[in-house]
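The values are calculated or read from the model by the stated rules, or taken from the named source; none is laboratory data. What you are looking at is a predicted structure, and each value in this text was computed from that prediction instead of being measured. Heads up, the Cβs are rebuilt from the backbone with ideal geometry, glycines too, and the neighbour counts pull from every protein chain shown.
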Amino acid sequence: MARVFGETEMQYFSEVLASRQLGWREGGLVTRFEQAFAQKVGSGYAIARNSAMSALAEAVSISGAGTATEVICDPMVQFGAIATIYFNAVPRFADVKPDTYLMDPASLRANITNKTRAVIVTNLWGMCAELDEIRRICDEHKIFMIEDCAHSIGATWQGKHSGTYGDMGCFSFQQGKHMTTGDGGMMTTNRQDLYERLFDEWSFGESPSFMTLNFRMNEVTGAVGLAQLQRIDDYLAEYTSNLHTFNAAIENCSWLRPRHVPADAGQTGYIWACTWAGDEQGLALERFKQTIKELGVNLRFGFIGKPAYQFDLFSGSTAYNHADCPVRCPLYTSTSDYRYHTGLCPVAEDLMPRIISASLVEAPPDDVKRRADLLHQAISITQKG
């Protein structure tokens, strides 16, 4: 459904203006938004931020990771790894499962070293990773667990909301997310010590005691967030219905494989996806793409196309403008001679070019139904050759 911005937002704006304080103030609209969001997801605490990227960076900053240490990320999106190098730690990549596109706990275990300080697990496209098992692994090795929840408002694992398994959860309110404040984010935690430390540092009454920055959300943004949170259930219901519509279109197609949803997962609509396997049956992907284009289905082929570590920011070290950093930082020594190279995460490398996807956010149900019907038609045309 289209975003709704109306009287509730205007009422909260009026409160902000009447206070004569547009920046954060204790007990103001941001505080109310934090409290409402924590209650919504079932976390003990929430701290609003100016973006999810800032939230991820701050989660790394408080995790104990830093120069010459490692943070394990998955390669489907690059944001966790960017947050890692922002604080001079080395991103190490765990592979994903081919059917869920989510971090494989076995690969996580295999990548843990004596330098591992944190894990950033992405709850991708409205579905949680195996958060209970990842939590067990982190506890076993005393590793700080961060959940990237930018895509997973409303998503659950074993009945618990995303962002409540990790030491920190990081949500996004960027324009294309489930709910938006334009830009903005939220950190969640059940640990009082983390909450109090973060609250003290981002208040910036004195110089911070650890390396962090001012990532606060302002009162105007908090006003939008508080109002939008009251509409999130309606948004989620429509996006999830759109997801089911697309899934139904490929239900009987053996060469477009739907994303697997484990029994423990409560999925919400965000981005619909399936994987191409037509080559196994002698079908041509380019022919299918052309049919999709001719029918006007508007699907995305290939997602980003390659894992995070194959981008120059990592493999070419453009973030530091120094050859082979961070893996060749003079302070970082790795017995495994860790490098970013093709074959590092073979499942992700095979999977990502074969993903076919469509955004479900603000997609009118009638248009989704039309596109799903055309997708079904494209399947029939492709099969007939």
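Tabulated values for the structure
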| item | result |
| --- | --- |
| Top-ranked residue in the range 294-314 [being in a loop (DSSP other than H, G, I, E, B) and more than 19 Å from the chain's Cα centre (by Cα); ranked as farthest from Gln78 (Cα to Cα)] | Gly296 |
| Given (1) closer than 30 Å to Arg25 by Cα; (2) among the small types (Gly, Ala, Ser); (3) under 14 Å from the mean Cα position of the chain (by Cα), index of the condition Ser61 fails | (3) |
| Arg20 surrounded by fewer than 15 Cβ atoms within 10 Å (Cβ to Cβ), farther than 30 Å from Arg339 by Cβ and charged (D, E, K, R) | yes |
| Gly42, sole failed condition from (1) touching a residue at least 24 places away in the same chain (Cβ under 8 Å); (2) small (Gly, Ala, Ser); (3) farther than 21 Å from Ser162 by Cβ | (3) |
| Hey, Ile250 of a type in the set (Val, Ile, Thr) and at pLDDT below 95 or not | no |
| Residue within the range 76-90 that is part of a strand (DSSP E or B) and in contact with a Leu (Cβ under 7 Å, 6 or more places away or on another chain) present | no |
| Sole residue being of a type outside the set (A, V, I, L, M, F, W, C), within 20 Å of Gly163 (Cβ to Cβ), out of contact with any Gly (no Cβ under 9 Å at 6 or more places or on another chain) and buried (at least 19 other Cβ atoms within 10 Å of the Cβ), chosen from Pro75, Pro105 | Pro105 |
| Identity of the residue in the range 350-368, out of contact with any Ser or Thr (no Cβ under 6 Å at 6 or more places or on another chain) and in a helix (DSSP H, G or I), that ends up surrounded by the fewest Cβ atoms within 10 Å (Cβ to Cβ) | Asp366 |
| Residue count, the range 268-281 (criterion: crowded, with 19+ Cβ neighbours inside 10 Å and either more than 22 Å from Gly184 (Cα to Cα) or free of Cβ contacts under 8 Å to residues at least 40 places away in the same chain (or both)) | 6 |
| Exclusive hit being among the small types (Gly, Ala, Ser) and surrounded by fewer than 24 Cβ atoms within 10 Å (Cβ to Cβ), set Gly182, Gly126 | Gly182 |
| Scan of the range 303-326 for residues that are modelled with pLDDT under 75 and out of contact with any Ser or Thr (no Cβ under 7 Å at 6 or more places or on another chain), ordered by number | Gly316, Ser317, Thr318, Ala319, Tyr320, Asn321, His322, Pro326 |
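Every residue, every condition in (1) in contact (Cβ under 8 Å) with a residue 24 or more places away in the chain; (2) farther than 21 Å from Met352 by Cβ, yes or no:
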position: Gly66; (1), (2): yes, yes
position: Glu70; (1), (2): yes, yes
position: Val90; (1), (2): yes, yes
position: Ala94; (1), (2): yes, no
position: Asn114; (1), (2): no, yes
position: Leu124; (1), (2): yes, no
position: Met145; (1), (2): yes, yes
